[in-house]
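Trainee: This is the structure I want to talk about, given as structure tokens.
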Amino acid sequence: MAPEAPDPQSLKSWHDAFQYPIPTVRRVEQELRRDIASNKEKLRALVGTRYRELVGTAETIVAMNRDIQDVESLLADVGRRCNPRLVERKHVHVRQIKTGDAEKGKKLFGGYEEAVADIGPTDAEKHAFGAQLSFLHRCTTSISRLLRRRTSLLLVAKILVVSRLLHKTLSQHESLPPFLDDLRNQLASLRRTLLKRIDKRLASANATEDVIIESLAAYCLATSSSSDDAIHHFHQVRLDVITSQLDSSRENIPRALKLFVQTLQVSKVLRSRQFADVLSKLKARPLLADPEIQTLDGLEVEVLGRWVAPDVTNFTPWIKLSELSRSQGIESIKEWSLHAFEKFAEGCQKTLVHSTEFSELLSLRTETVELWLSSWGSTIIHGSVDVLDRLRNIFNDHLRRILNVQAQSLDDVGTQVSTLISKWEEVDHTSVGSLWDSDLTTAEYMNGAQTFKRTVADRLLGRDEDVSTVLVKYEAWLSSIEEVNESIDSLRRMRWTDIFIGTEIDDDDIDITPLLNEDDPKHLSDSLHSAVREAFSALQTSFSDTFKSFGPSHSSQKATFLLRLIRLIRRNISATFVSSDFIFSSDIVPELQKILATEVMSKAGPPSFVPSPLNHPQTGKIKVLPGRSLWEGEPAIPVQPSVSSFKLLRRLTFAMNTCGLDLWDPSTVQVLKQDLKMQLGSVFSSSLDVLDSADTSGTESKKEHDQHTSGDEEEQQGSKKTTSESTDSDQSERLNDWKVQLFFDSLYLSEMLGKKNQLANIERAQKSAGCNAETVEMIKKLANESWSRTEMLFGLLAGR
């Protein structure tokens, strides 16, 4: 039976737990897990409770902060308004006015003492002047307070009009206190503040129709303007905002257009009865009888209003309402829309001049057009289609400008190439290396062997440091052009008709989709293709000028660099942008290939098929043909090329490999073979001349020897005749061996050159060899088979 499990709390370390049997340890583990789960639940509950308390405390703190701010605002307002001495004097003065104690009122009125003393002989006039002056002061204080609290501007305008009337009435007295001038200055400052606040609300894109109507009504009261003047002012404020937005940033174009549309929509409301009704209500009763003024705290109209002059008490504002009919109102809106949109278009033109990002401008175009289409049927404007066409033209013109600039940036590649060529001798150039170099076997294979694969591709394509530097810039340019092309294609897939859902279109015959999904992408695509073609033509011209500036030094290296660059550019040219018959830099490539072929042939050295001299210098006999013992058949004929031919091909392939494996495309190899054909033709012709001259000189020397032989000498040399004939026959056979081998080499090398570059000396070599027709056919067959067996040894020359 397992011992009782110990209390986990009594264990001092984990070593103590493993002093018990395994079942006991497992029970201890279970106890510990239960304790952990229990403690976790308790902790979660405790944290949740504390968190709720913390949130409640935070809300309380926020509420307390808000209350403190309100109290501070009220105290600050009270502090600004309450001068204890002035309050005491005002209180005493009001009490004295009620009791009729004019003398004490004259002494204790404080700030208005001089005003009351100087007004006139009657107490009533003195009381009236003091009360009106106090009321004017309260009006200015109320206006200031209302402006700080950002309350109704119409109420502020009403109090301002009353204040101006009070000031006008008070100004007619003979003796005026300086305090009245201070109040006049305050009123002028408050009026300016009110007008600025009105303009700010009118300029806001978030202002509702009611706010705008109220602000315009306040403007009419503050400036004594008619409803038409107020609407014109509203239009001017909005137009100024639109212009300033466009001047600040091109990202504001949609905001400016949205404000333009909102202005037209609000103008429709302003030309309706709603604005006129608000103005009519202002004309319905005197301003001091307005309930808002009557109930305004701090103004005390009930106490001081009875001392106000009748002209002020009974003043009812008169605002001239618009006399335009509905159709005339719509025409006025259209006139403003035409003028405002012209300003908008001019601002767009100015702000888009400095745009350089095609995708950014295209996104801006999409947002702007979508905004206009969404408001198509709900906006009174001079011409919806005209606005759309103007927007399209503005953006399309700048998009085409960016396309041209972006395409012309390919000139940087030509400039960079020209700079590299001009400073070629001043800079060290590293070769691309071989695929079989030992450093490639030790390359890193991490991250999917990206470094290794890139190195292999660079060496295979000949992308050395100079080529890669130029190619990076070209590929970046090509990538940007492809991105632009994809962006243009995306325009064709946009569903503009979805924007019209829920909107009304006046003219059902107008089809927007072909304009936006077909015409615009087509024009942009044509501009892009034309700009790309011009860019490639300019780059061709730049490469041609660079080629003409080649100096005599390092011409082959420069040609190699330019050939590689042209090949890689051709490799990446998309058929989308250029015609199928376009071949980049086709005018200079043959010349570059000739320079490269000349370099290879100079490195390979001149071929030599017949030794010079042909005769041995000591014995005077014709040298034995190397490899003659390998001939086969009856008569014996060669079955493989001579050592000279084989070494020539080996030198050629080695020189080609040294220049770079990537350079030898079929056209370059053909240029090399054409030059090689000319050189081999000349060498074969000279070799045949040497062999023919050796044959002729041997025959003539024999004839001269026979003529100089006399009778006695004939008898003496009779015994040597057989030996001499044998020697002559041997020399003739050796000479013929050289001719037959030369014939075989000509056929073998002709197989290497291909059908287009056959040697012109084959027939002469055949005649010189003196073989019969059957032997000639056999030699041709053996030469063909020999090339078929060995052409892979000269891979750069084979199968081209």
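Readers should treat all values here as calculations from the given coordinates under stated rules, not as data from a laboratory. Keep in mind that what you see is a predicted model, and the values were worked out from it rather than measured. Here Cβ is always computed from backbone atoms with ideal geometry, including for glycine, and neighbour counts include all displayed protein chains.
Trainee: Based on the Kirkwood radius over alpha-carbon pairs, what value in µm²/s does the Stokes-Einstein equation return for the translational diffusion coefficient of segment 577-691 at 25 °C and 0.890 mPa s?
Mentor: Working: Rh = 17.1 Å.
This corresponds to a translational diffusion coefficient of 143 µm²/s.
Trainee: Roughly speaking, what is the stretch gain from Gln349 to Asp386, that is 0.36 nm per residue apart minus the C-alpha to C-alpha distance, in nm to one decimal? Please list the in-between numbers first.
Mentor: Details: separation 37, 0.36 × 37 = 13.32 nm, distance 1.66 nm.
Length gained, Gln349 through Asp386: 11.7 nm.
Trainee: For segment 259-308, run through the trypsin sites (Lys or Arg not before Pro) and keep only the ones in DSSP coil with at most 15 other Cβ atoms within 10 Å of their Cβ. Walk me through the intermediate numbers first.
Mentor: Values: sites: Lys268, Arg271, Arg273, Lys281, Lys283, Arg306; in loops: Arg271, Lys283.
Within segment 259-308, the qualifying trypsin sites (Lys or Arg not before Pro) (loop, at most 15 other Cβ atoms within 10 Å) are Lys283.
Trainee: Which value results for Rg/Rh of segment 8-80 when Rg is the Cα radius of gyration and Rh the Kirkwood radius based on the inverse mean 1/r? Walk me through the numbers before you get to the answer.
Mentor: Details: Rg = 26.8 Å, Rh = 17.1 Å.
Computed over Cα atoms, the ratio is 1.57.
Trainee: Over 16 Å, how big is the tail of the calculated P(r) for segment 231-322, in percent of all Cα pairs?
Mentor: Value for segment 231-322 (Cα pairs over 16 Å): 68 percent.
Trainee: Also, quick follow-up: Can you list residues whose amide H is under 5 Å from Ile637's amide H, if they're 5+ apart or on another chain and H is modeled 1.01 Å from N?
Mentor: When sequence neighbours closer than 5 places are left aside, the close amide H contacts are Glu632.
Trainee: Whole-Hz ³J(HN,Hα) for each residue in segment 470-484, computed from phi via Karplus 6.51 cos²θ - 1.76 cosθ + 1.60 with θ = phi - 60°, x for glycine and proline: what do you get?
Mentor: 6, 5, 4, 5, 5, 5, 5, 5, 5, 5, 5, 5, 5, 5, 5
Trainee: Calculate the spin-label point distance for Lys594 paired with Thr295, positioning each point 7 Å from the Cα along the beta-carbon direction, and give it in nanometres.
Mentor: 10.3
Trainee: Once both axes come from the Cα atoms, what is the angle between helix 326-352 and the longest principal axis of the chain, in degrees from 0 to 90, rounded to 10?
Mentor: With both axes taken from Cα atoms, the answer is about 40 degrees.
Trainee: Next question, about the same structure. If amide hydrogens are placed 1.01 Å from N in the peptide plane, which non-local residues have theirs closer than 5 Å to the one on Ile622?
Mentor: Close amide H contacts, sequence-distant or interchain: His616.
Trainee: How large is ³J(HN,Hα) for each residue in segment 443-452, as worked out from phi by the Karplus curve 6.51 cos²θ - 1.76 cosθ + 1.60 (θ = phi - 60°), to whole Hz, x for Gly and Pro?
Mentor: For segment 443-452, the Karplus-derived couplings read 5, 6, 10, 7, 6, x, 6, 4, 5, 4 Hz, x marking Gly and Pro.
Trainee: What size of dipole, in debye to the nearest 20, comes out for the chain about its Cα centre when the only charges are +1 on Lys and Arg C-beta atoms and -1 on Asp and Glu C-beta atoms?
Mentor: Working: 99 positive and 113 negative charges, 827 e Å.
So the dipole magnitude of the chain works out to roughly 3960 debye.
Trainee: If the label point is 7 Å along Cα→Cβ of Asp692, which residues in segment 588-631 have backbone nitrogen under 18 Å from it?
Mentor: Residues 609-611, 614 fall inside that zone.
Trainee: Can you compute the FRET efficiency between Glu53 and Leu75 using 1/(1 + (r/R0)^6), with r the Cβ-Cβ distance and R0 = 41 Å? Round to the nearest 0.05. Please list the in-between numbers first.
Mentor: On the way: r = 32 Å, r/R0 = 0.77.
For R0 = 41 Å, the calculated efficiency reads 0.80.
Trainee: Can you give me the pair-distance distribution of segment 115-269, C-alpha pairs, 10 Å bins, whole percents?
Mentor: 10, 33, 25, 17, 10, 4, 1
Trainee: Also, I was wondering about something else. For the pair Asp412/Asp397, report the inter-label distance in nm, with labels modelled 7 Å from Cα in the Cβ direction.
Mentor: 2.7
Trainee: What is the gain in length, in nm to one decimal, between Val405 and Gln618 on full extension, counting 0.36 nm per residue of separation less the C-alpha to C-alpha distance?
Mentor: Working: separation 213, 0.36 × 213 = 76.68 nm, distance 7.85 nm.
In short, 68.8 nm is gained.
Trainee: Label 7 Å along Cα→Cβ of Glu483; segment 366-386 residues with amide nitrogen under 20 Å?
Mentor: In segment 366-386, the label zone of Glu483 (backbone N under 20 Å from the point 7 Å along Cα→Cβ) covers 366-367.
Trainee: Just grab the label-to-label distance for Lys647 and Ile583, each label 7 Å out from Cα along the Cβ direction, in nm (one decimal).
Mentor: 3.8
Trainee: Show that you can apply the helix-only estimate: for the chain, add -39,500 (n - 2.57) for every DSSP H stretch of four or more residues, divide by all residues, and state [θ] at 222 nm to the nearest 500. Display every interim value, and only then the final one.
Mentor: Working: 31 runs with 560 residues, N = 800.
Taking each H run of at least 4 residues, the total per residue is -23500 deg cm²/dmol.
Trainee: For a Förster distance of 45 Å, can you work out the FRET efficiency between the beta-carbons of His339 and Arg66, rounded to the nearest 0.05?
Mentor: Numbers: r = 47 Å, r/R0 = 1.05.
Efficiency, rounded to the nearest 0.05: 0.45.
Trainee: Can I ask one more? Taking other Cβ within 10 Å of each residue's Cβ, how do His382, His15 sort, fewest first?
Mentor: Details: His382 18, His15 8.
By the 10 Å Cβ count, ascending, the order reads His15, His382.
Trainee: Note the full-extension length gain between Thr541 and Ser226 as 0.36 nm times their separation in residues minus their Cα-Cα distance, in nm to one decimal.
Mentor: Fully extending the segment from Thr541 to Ser226 adds 106.5 nm.
Trainee: Continuing with the same structure: Dividing the convex hull volume of the alpha carbon atoms of the chain by its residue count, what do you get in Å³ per residue?
Mentor: Taking the convex hull of the Cα positions in the chain, it is 436 Å³ per residue.
Trainee: Between Leu43 and Ser152, how high is the FRET efficiency from 1/(1 + (r/R0)^6) when r is the Cβ-Cβ distance and R₀ = 45 Å? Nearest 0.05. Before the final figure, lay out the partial values.
Mentor: Details: r = 55 Å, r/R0 = 1.22.
With a Förster radius of 45 Å, E is 0.25.
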